[in-house]
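Please treat every number below as a calculation from the coordinates, not as lab data. The model shown is predicted, which means the values in this text are computed figures rather than measured ones. Here the Cβ positions follow ideal geometry from the backbone for every residue, glycine too, while neighbour counts run over all protein chains shown.
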Amino acid sequence: MAEPFKHYLEFQHVHKTFDRPILVDVGFHVDNGETVAIIGRSGVGKSVSLQHIMGFLKPDSGRIILGYQDVTDFTENQWREVRKRVTMVFQSGALFDSLTIGENILFSLELREDYDQSNKMDVVRGLLRLVDLEDAVDLYPADISTGYKRAVAIARALAAQPACILYDEPTTMVDPIMSDHLGNLMLRLKTQLNLTSVVVTHDLDLMNKVADRVVFLHDGGVVFCGTLPELYAFDHPHVQEFLRLDEVSMNLAG
């Protein structure tokens, strides 16, 4: 049977206004197994886009397609079902401080019915092994760095066996070595698990490493949507300025 919609995820003419327009006629799509990076300066609607994908926000107008179905008018109960297949890695990591790393991941497994209690810790260790953190199982979030908290958050997200994973600025406020580690991890998960992913980022190194296509937002609208080679060849002043400023900052850091 054919899917009702062509793309796994799609924004169709999405508008959202708070005290000012945040998303203005936004349209882009993500296909199954694809990684799309959403880039642009602060305040252009990148994280707001992720919140629409998770159902935390509803568009003022336009449609949100997710998992090949129109989820725009879903109830909260319907969204709970969607969130079993679509999960988000928050910038903060959003770990429980009072639980160990292992217990944080175990918490996600408790929501699943396909594991019995006897093998859940095996699954936890397997997930931590996948993100190169097996030795951290008995540590607490306060014991590990911001970057490792993000890696744990990724492992916890994977516990739900999602079809789609959203990353909100996964490499912000981490050192270049950890940033590279997280990028390699995301790339590995993409190839091994064929996850559909959306990555909101300022980090062009990360974008270049993991993205199949890129959406560039400016003043709430989509200025560009295409492949990496197309992005660098795209003759638009805001896009070229963004790419140039990143190059300057990299040279200063070096």
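The 3J(HN,Hα) values that the Karplus relation (6.51, -1.76, 1.60; θ = phi - 60°) gives for region 75-82 are, in residue order, 7, 4, 4, 5, 5, 4, 5, 4 Hz. Gly and Pro appear as x. Listed cross-link partners LYS6/LYS209; LYS16/LYS46; LYS149/LYS209 are compared with a 23 Å cut-off, the Cα-Cα value being larger for LYS6/LYS209. Ranking of GLU103, GLU10, GLU81 by neighbouring Cβ atoms within 10 Å, starting from the fewest: GLU81, GLU103, GLU10. Peptides 193-202, 17-26, 64-73, ordered by how many other C-beta atoms sit within 10 Å of their residues on average, highest first, read 193-202, 64-73, 17-26. Placing R0 at 41 angstrom, the Cβ-Cβ distance between TYR140 and HIS236 gives a FRET efficiency of 0.30 after rounding to 0.05.
Taking the number of Cβ atoms within 10 Å of each Cβ as an exposure proxy, the fewest-first ranking of HIS15, HIS218 is HIS15, HIS218.
Summing Cβ point charges (Lys, Arg +1; Asp, Glu -1) relative to the Cα centre of the chain gives a dipole of roughly 280 debye. For VAL222, the residues 5 or more places off, or on other chains, whose built amide H falls under 5 Å of its own are GLY27. Its Cα gyration tensor gives region 40-163 an equivalent ellipsoid; the semi-axes, largest first and in whole Å, are 29, 19, 11. DSSP finds beta bridges in the chain, and of those with both partners inside it, around 50 percent are antiparallel. Farthest toward the positive end of the dipole of the chain, out of GLN240, ILE154, GLN12, is the Cα of GLN12, where the dipole comes from beta carbon charges about the Cα centre.
As a length-normalised measure over Cα pairs under 8 Å and 6 or more apart, the relative contact order of the chain settles at 25 percent. Toward the positive end of the charge dipole of the chain, about the Cα centre and with charges on Cβ (Lys, Arg +1; Asp, Glu -1), which of ILE105, THR75, GLY33 goes farthest? Ranked along the dipole, the leading option is THR75. 3J(HN,Hα) along region 119-128: 10, 5, 5, 5, 5, 4, 5, x, 5, 5 Hz, from the Karplus curve 6.51 cos²θ - 1.76 cosθ + 1.60 with θ = phi - 60°, whole Hz, x for Gly and Pro.
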